[in-house]
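S.K.: For reference, the structure I am asking about is given below.
The values are calculated or read from the model by the stated rules, or taken from the named source; none is laboratory data. Bear in mind the structure is a predicted one, so any value in this text is a computation, not a measurement. Cβ: placed from backbone, ideal geometry, glycine included. Neighbour counts: every protein chain shown. The area values use the complete protein model at the heavy-atom level, side chains included, leaving out ligands, DNA and RNA. Shrake-Rupley method; radii C 1.70, N 1.55, O 1.52, S 1.80 Å.
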Amino acid sequence: MVSSTTGGDNVIAKKGKKSNEDDELTAQDKVLLVLGTFGNLEGEAHYLAEIEEACKLPKNATHRALKSGVKMNIFEKVGHGQYRLGAVMAMLAMNTMAFTPDERAVDAALKSLNRETSGLTSFYAAAGNSRFCMAYVPSEQHKMQRDWLDMVHLSRSLRTCASGRVILAHLSPFIRAKVIAEPIPDGAGPGTLDDAALAASLEEVRSLGYAIGREEGVEGWDSIAAPVMRGTQICGAALLRLPKTAMPQDLTAMIGHTVKTASLLSSICAQA
């Protein structure tokens, strides 16, 4: 995008030389570019040099973008010359998460998956670096079992179960690193992945569009999960659980049903 001349950020080529790509960015573009780097930097606050290196803008341009952002409460300057995201971004994040999808539509989608698979079906919503169960439908054959309800609410950690990995795969590198560094929750199944295996699995999960868990969340239970998106943002996961003895060897149909349900839940969330 080429803008008109503004302050020191002018886009007019001097002495007959062609302006470079950085000069062609508007002041607003540069603020957004700097903002985008914060999701890929580890930690809450960052020095100017760190931000410059991440966003690839000249020093003066990065500094001006940060100063402009501070005036608009997009960034906040903290002690020792560091910057962090400001109040406006915190409010936007809260507003983004504070949506309520149609409960009847969500319930109908999970009941449909339940009928097609005879499994325990759930919708887990993403919440920062954790998850919570927003809705669930137990299968008839498992309603009398004590452990199914514990299974639904046992862990909020994204380290466990296919639904945790599906959500984690779509979060920022900083949050992924934080979650992987967490200890494995007590009571997690014997198939729960160690740090290296968990990290290595995430690219495949994003590429495939689903995850398969073999006794990851709870011993004796296998799971399939697919991402529920709100535009380009992850907002949760559709999850199918079955006892490992009931999960078929050929998972094609089960994966298809779960992915279809996730797509339907994505449409429901987009309308919330």
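S.K.: Taking a 1.4 Å probe, which of 52, 116, 203 shows the most accessible area, and what order do the others take after it?
M.R.: 203, 116, 52
S.K.: Oh, and also: Tell me, what is the Rg over Rh of the range 191-239, with Rh the Kirkwood radius over Cα pairs?
M.R.: So for the range 191-239, dividing Rg by the Kirkwood Rh gives 0.99.
S.K.: Alpha carbons only, please: Rg and Dmax for the range 147-259, in angstrom.
M.R.: Cα-based Rg and Dmax for the range 147-259 come out at 13.1, 37 Å.
S.K.: Now for a different question. For the range 25-72, just run the numbers: alpha carbon Rg, then divide by 2.2 N^0.38 Å, N being how many residues it has.
M.R.: Rg over 2.2 N^0.38 Å, computed on Cα atoms: 1.01.
S.K.: Considering only the other residues whose Cβ falls under 12 Å of the Cβ of residue 77, what net charge follows from Lys and Arg at +1 and Asp and Glu at -1? If you can, show how the numbers build up before the last one.
M.R.: Numbers: positive: 67, 71, 84; negative: 76.
With Lys, Arg at +1 and Asp, Glu at -1, the net is +2.
S.K.: Could you state, as a whole-number percent, how many of the C-alpha pairs of the range 205-272 are farther apart than 21 Å?
M.R.: For the range 205-272, the share of Cα pairs beyond 21 Å comes to 26 percent.
S.K.: Probe radius 1.4 Å, ligands and nucleic acids left out: which of 37, 232 has the largest accessible area, and how do the rest follow?
M.R.: 232, 37
S.K.: Between residue 100 and residue 267, how many nm apart are label points set 7 Å from Cα along the C-beta direction?
M.R.: With each label point 7 Å from Cα toward Cβ, the separation is 2.4 nm.
S.K.: At 0.36 nm per residue, and after removing the present C-alpha to C-alpha distance, how many nm does the segment from residue 196 to residue 60 gain when stretched out fully?
M.R.: 45.0 nm
S.K.: Next up: For residue 172 and residue 26, calculate 0.36 nm times their separation in residues minus their Cα-Cα distance, and state this gained length in nm to one decimal.
M.R.: Contour length minus Cα-Cα distance gives 50.0 nm.
S.K.: Which translational diffusion coefficient, to the nearest whole µm²/s, is obtained for the range 164-212 from the Stokes-Einstein equation, given a Kirkwood hydrodynamic radius over C-alpha pairs, 25 °C and 0.890 mPa s?
M.R.: 219 µm²/s
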